[in-house]
Amino acid sequence: MITVSVKPLFTAIFTLSLFLAIVLLSPSSPFSSTASNKQTGKSDIWGVKRLVEWRPCKWWTHGPRIALPAESNGYIRVDCYGGLNQMRRDFCDGIGIARLLNATLVMPKFEAAAYWNESSGFADVFDVDYFIQQMDGFIKVVKELPPEVALKEPFRVDCSKRKGQFDYIESVLPSLLKYQFISITPAMSQRRDRYPLHAKAALCQACYGALRLTRSLEQKAAELLEAIPKPFLSLHLRFEPDMVAYSQCEYQGLSPASKDAIEAARGDRKPWTGELARIWRMRGKCPLTPNETAFIFQALSIPTNTNIYLAAGDGLMEIEGLKSIYTNVVTKSELLSGEDFLNMHGNTKAALDYYVSINSDFYVATFFGNMDKMVAAMRAYKGLHNTVFLSRRAYAELTSKGLDGKELKQALWLAHKEDFAMGRGSALPDCFCDFKS
């Protein structure tokens, strides 16, 4: 007969139960915040049921492709300027134009800009071979021009006022046919809804299915992602001196250092005053401060022990307004070795933020810029829908009515709850279709 000692078994079970209780109730546990919210009868924003989800449209991902013509009308190079995500947007638009005009695409030119501390080109950031492979059947792409074409500079075509299919066919195609090699910079006011589906499909595939970081850069980005405590929220916070100066907004209560930095960045852009300043702010044109961001986070019941990765450039002002409340904030400069970080330029740093953000558990943006649009759409492409855009307009409108404290938090909660449920801003309609839950 086999005998079992009850006392050691009971001791082991009790010890295990006590350990689990400590872990689950610990303030550092990701589970403790959920329990706390249930006690107050209110979940965080991520617990709100989504009524609309954005997913890649089937006409692009599974629809029949129109065969590429046997001969192209010439070569197009897309010239891209600005930060990485602006250049990425312009490149995607340019691919749609090139397909529309039945052109062969040449590797783009990423314009070096001292303002962005930048010197890297397209091949320094993106995997060229992978891009060409993934675009097969959507558009013809070449790494290098034929010798007879490569000897000459492309004919520069101004696309600043082109908006749709017929604008390009009537105004740009003749130059392509005449010179056989042209360069374009797409206009910001692109009307992609006017493109035929085969041109839109090329644009969508390029933006979301073909642009992958180089192997070395993706490896560094994966190391950064691994180093961030999990689960985590990626926050794209925009409160740099140039951003505030460009907005032409004024703020009360900033530190003398922040005021001086903004004034130095203003140049000819003087802040709005009086009624114009009020109207401008009410339209949601003023960037949220770190302190305002922290307040909205609390309104959305985002726990103060949340792990936050700060996806932002250099020079963020007033950051203590966030860190004093949300204490688990990390940045790439803290997680990467000094040598690695110092050797990176603007585009490569932005690429790391992009990679981390599209793979984060949650993504929150305080603005609706190029990076935010790209990240939100790519997250939708990957099936990640925990994405929120903080509403500058709602914050301005509600505070102008004199709301503060709990009343303001409740109003902010309702505004963001509806936006999140309806999937507002979480993907662009050019390549994505909404699916009702």
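The values are calculated or read from the model by the stated rules, or taken from the named source; none is laboratory data. This one's a predicted model, so the numbers in the text were calculated from it and none came from an experiment. Cβ: placed from backbone, ideal geometry, glycine included. Neighbour counts: every protein chain shown. All accessible areas refer to the heavy atoms of the entire protein, side chains included, with ligands and DNA or RNA removed. Shrake-Rupley method; radii C 1.70, N 1.55, O 1.52, S 1.80 Å.
Taking only the stretch 64-95 into account, find how many residues are assigned to a helix (DSSP H, G or I) and among the β-branched types (Val, Ile, Thr).
Pass one, the stretch 64-95, residues assigned to a helix (DSSP H, G or I): 84-95.
Filter again for among the β-branched types (Val, Ile, Thr), leaving 95.
Residues that pass the stated criteria total 1.
Condition first: aliphatic (A, V, I, L, M), open to solvent by 20 Å² or more (accessible area, probe 1.4 Å) and closer than 27 Å to residue 230 by Cβ. Can you find one or more residues in the stretch 351-371 that meet it?
Step one: list which residues in the stretch 351-371 are aliphatic (A, V, I, L, M), which gives 351-352, 356, 358, 364-365, 371.
Within this subset, residues satisfying the condition of being open to solvent by 20 Å² or more (accessible area, probe 1.4 Å) are none.
Within the stretch 351-371, none of the residues are aliphatic (A, V, I, L, M), open to solvent by 20 Å² or more (accessible area, probe 1.4 Å) and closer than 27 Å to residue 230 by Cβ.
Answer yes or no as to whether residue 152 is part of a loop (DSSP other than H, G, I, E, B) and under 29 Å from the mean Cα position of the chain (by Cα).
Considered against the rule, which asks whether it is part of a loop (DSSP other than H, G, I, E, B) and under 29 Å from the mean Cα position of the chain (by Cα), residue 152 comes out as no.
Going by what's in this entry, would residue 412 be described as at pLDDT 95 or above, under 23 Å from residue 276 (Cα atoms) and in contact with a helix residue (DSSP H, G or I) (Cβ under 6 Å, 6 or more places away or on another chain)?
Working: at pLDDT 95 or above: yes; under 23 Å from residue 276 (Cα atoms): no; in contact with a helix residue (DSSP H, G or I) (Cβ under 6 Å, 6 or more places away or on another chain): yes.
Considered against the rule, which asks whether it is at pLDDT 95 or above, under 23 Å from residue 276 (Cα atoms) and in contact with a helix residue (DSSP H, G or I) (Cβ under 6 Å, 6 or more places away or on another chain), residue 412 comes out as no.
Residues being within 17 Å of residue 243 (Cβ to Cβ) and among the small types (Gly, Ala, Ser): count how many of those fall in the stretch 349-407.
4
Write out, first by first residue and then by second, each pair whose Cβ atoms fall under 6 Å of each other, whose residues are 6+ apart or on separate chains, and whose first residue, in the stretch 65-76, is touching a residue at least 12 places away in the same chain (Cβ under 8 Å) while the second is of a type in the set (S, T, N, Q) and part of a loop (DSSP other than H, G, I, E, B).
Listed by first residue and then by second, the contacts come to 69/102; 72/102; 73/102; 74/180.
Could you please find all residues in the stretch 46-76 being under 19 Å from residue 378 (Cα atoms) and of a type outside the set (Asp, Glu)? Steps first, please.
Initially, the stretch 46-76 is screened for residues under 19 Å from residue 378 (Cα atoms), giving 46, 50, 52-62.
The answer is 46, 50, 52, 54, 55, 56, 57, 58, 59, 60, 61, 62.
Name the pairs: first residue in the stretch 403-423 and over 10 Å from residue 45 (Cα atoms), second residue open to solvent by less than 50 Å² (accessible area, probe 1.4 Å) and assigned to a helix (DSSP H, G or I), Cβ to Cβ under 6 Å, at least 6 apart or on different chains?
403/411; 408/398; 409/299; 411/398; 412/296; 412/299; 415/394
Quick check, is residue 292 surrounded by 20 or more Cβ atoms within 10 Å (Cβ to Cβ), in contact (Cβ under 8 Å) with a residue 24 or more places away in the chain and closer than 21 Å to residue 397 by Cβ?
Details: surrounded by 20 or more Cβ atoms within 10 Å (Cβ to Cβ): yes; in contact (Cβ under 8 Å) with a residue 24 or more places away in the chain: yes; closer than 21 Å to residue 397 by Cβ: yes.
Answer is yes for this residue.
Counting residues that are under 21 Å from residue 219 (Cβ atoms), which helices (runs of 4 or more DSSP H) fully inside the stretch 275-377 reach at least 1? Step through it out loud before you land on a result.
Numbers: elements: 290-299, 320-323, 332-335, 338-342, 346-358.
Passing ranges, in order: 332-335, 338-342, 346-358.
Please go through the stretch 243-261 and give me each residue that is surrounded by fewer than 17 Cβ atoms within 10 Å (Cβ to Cβ) and of a type in the set (Phe, Trp, Tyr), ordered by number.
Within the stretch 243-261, 246 is the sole residue that qualifies.
Being within 10 Å of the chain's Cα centre (by Cα) and among the charged types (D, E, K, R): is that true of residue 393 here? Before the answer, list the steps.
On the way: within 10 Å of the chain's Cα centre (by Cα): no; among the charged types (D, E, K, R): yes.
When the stated conditions are applied, residue 393 does not pass them.
May I ask you to list the residues in the stretch 186-215 that are surrounded by fewer than 22 Cβ atoms within 10 Å (Cβ to Cβ), modelled with pLDDT of 95 or more, of a type outside the set (Val, Ile, Thr) and over 17 Å from the mean Cα position of the chain (by Cα)?
Passing the criteria: only 215.
Run residue 102 past the list (1) assigned to a loop (DSSP other than H, G, I, E, B); (2) farther than 24 Å from residue 205 by Cβ; (3) modelled with pLDDT of 95 or more and report the number of the one that doesn't hold.
The one condition residue 102 does not meet is (2).
Considering only residues that are open to solvent by less than 50 Å² (accessible area, probe 1.4 Å), farther than 21 Å from residue 399 by Cβ and not small (Gly, Ala, Ser), which ones fall in the stretch 295-318?
303, 305, 306, 307, 308, 309, 310, 316 - these are the residues of the stretch 295-318 that are open to solvent by less than 50 Å² (accessible area, probe 1.4 Å), farther than 21 Å from residue 399 by Cβ and not small (Gly, Ala, Ser).
State the number of residues belonging to the stretch 228-242 that are open to solvent by less than 50 Å² (accessible area, probe 1.4 Å) and either without any contact (Cβ under 8 Å) to a residue 60 or more places away in the chain or assigned to a helix (DSSP H, G or I) (or both).
The number of residues fulfilling the criteria is 1.
Write out, first by first residue and then by second, each pair whose Cβ atoms fall under 7 Å of each other, whose residues are 6+ apart or on separate chains, and whose first residue, in the stretch 263-286, is touching a residue at least 60 places away in the same chain (Cβ under 8 Å) while the second is open to solvent by 90 Å² or more (accessible area, probe 1.4 Å).
283/393; 284/393
Pairs needed: first member in the stretch 316-343, over 20 Å from residue 229 (Cα atoms); second member anywhere, of a type in the set (Asp, Glu) and surrounded by fewer than 16 Cβ atoms within 10 Å (Cβ to Cβ); C-beta distance under 6 Å; at least 6 residues apart or different chains.
Correct list of pairs: empty, since none qualify.
Just one of 424, 393 is assigned to a loop (DSSP other than H, G, I, E, B), basic (Lys, Arg) and open to solvent by 30 Å² or more (accessible area, probe 1.4 Å); which is it?
Working: 393 fails: assigned to a loop (DSSP other than H, G, I, E, B).
None of the other options fit; the residue is 424.
Report yes if residue 218 is farther than 17 Å from residue 102 by Cα, modelled with pLDDT of 90 or more and not in a helix (DSSP H, G or I), otherwise no. Please lay out each step first, then the result.
On the way: farther than 17 Å from residue 102 by Cα: yes; modelled with pLDDT of 90 or more: yes; not in a helix (DSSP H, G or I): no.
Taking the combined requirement at face value, the residue does not satisfy it.
Where residues in the stretch 321-340 are of a type in the set (A, V, I, L, M, F, W, C) and under 23 Å from the mean Cα position of the chain (by Cα), which of them is most open to solvent (accessible area, probe 1.4 Å)?
335
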